[in-house]
1. Give the span of chain A's Cα atoms along each principal axis, as three whole-Å numbers ordered largest to smallest.
2. Averaged across A:64-74, how many Cβ atoms of other chains sit within 10 Å of each residue's Cβ atom?
3. How big is segment A:1-93 by the Kirkwood estimate over distinct Cα pairs, in Å?
4. Under the rule of at least 5 residues apart or a separate chain, name every residue whose amide H is placed under 5 Å from the amide H of A:GLY62.
5. Around B:ARG34, under 11 Å between beta carbons, what's the net of Lys plus Arg minus Asp minus Glu among the other residues?
6. Ordered by residue, what ³J(HN,Hα) values in Hz, to whole numbers, does segment B:51-65 give under the Karplus form 6.51 cos²θ - 1.76 cosθ + 1.60, where θ = phi - 60° and Gly and Pro are x?
7. Counting only other chains, what is the mean number of Cβ atoms within 10 angstrom of the Cβ of each residue in peptide B:23-34?
8. List, in order, the whole-Hz ³J(HN,Hα) value for each residue of segment B:4-19 obtained from phi through the Karplus relation with A = 6.51, B = -1.76, C = 1.60 and θ = phi - 60°; use x for Gly and Pro.
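What follows is calculated from the coordinates using simple rules that are stated; it is not laboratory data. Worth saying up front: this structure is predicted, and the values here are computed from it rather than measured. No Cβ is skipped: glycine too gets one built from the backbone with ideal geometry, and neighbour counts run over all protein chains shown.
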Amino acid sequence: MKFADFVSPEAIRAQLTATDKEGAIREMVQALLDAGRIRADELESIIKAILKREELGSTGIGRGVAVPHTKHPSVDRLVGTVAVSSQGVDFASLDGETVQLFFLLISPPDCPGDHLRALENISRQLRDDTFCRFLKQAKSAEEIQQLLDEADNNQFA
Amino acid sequence: MCEPKATRTVDVTNRSGIHARAATLIAELVRGSRCKVSLIKDRERVDGTDVLQILSLGTRCGEQISFEATGGDAQRVLDALVQLFADNFGEDEEKIQEAENPQ
């Protein structure tokens, strides 16, 4: 699976303004709404579900990366976005570091395969320190999109 | 001096495979041990303390994964890891479903 298969280009955010977990999640889900990937009447339900999932254990997986996610019946295919916070967000990560790089995923219920493949792709690409560093330093959505395209074309890792 | 080394292979039966929370539980357990643990799948070997590396294996339900532990409490850590899988990462599938799909 490639980034292009689940990342909505119009929902990419290079400069998150939120400094806490809920605020960051809210900004990313709002970006998916603005991009027309989720319905307005499902916004709060999706945010609530992602926060519920965080209660089961932080999705801050270390190295300044988090993958907040949920299953939600309102989507019929995997949708996702990427966001960068230059100041970092306290996400209660395993390694105690703040998070600068977010991949948010919403998948349909009973579709664990696609979700796992997206996580596999994200983490495999992020194992490349250069790719991870470039993403965290990106200053515009276009720059992030270009890096994702390059990763999809195997120019990293 | 030769450090104790042990290996164990488990079947992944969780329907979501080794997902983010499961990978985090594995890494937490390994971080709390006194040994070095590698996860091995299809000849690919990753560091058991690194969630990102564990997720990059993309381990699905029905696949197998091996753990190799080297150091003081290798056997104990492997026993705990096997138990984690046997306990389905502490998940009650119905409760998880409920938590992820609040209506």
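1. Sorted largest first, the three principal extents are 38, 31, 26 Å.
2. Neighbouring Cβ atoms belonging to other protein chains average 3 per residue here.
3. Final number for the Kirkwood radius of segment A:1-93 is 13.5 Å.
4. Sorted by chain and number, the residues that satisfy this are A:LEU94, A:ASP95.
5. +1
6. 4, 4, 5, 5, 5, 5, 6, x, 6, 9, 4, x, 8, 10, 9
7. 2
8. x, 9, 8, 10, 9, 10, 10, 8, 8, 10, 5, 5, 9, x, 8, 8
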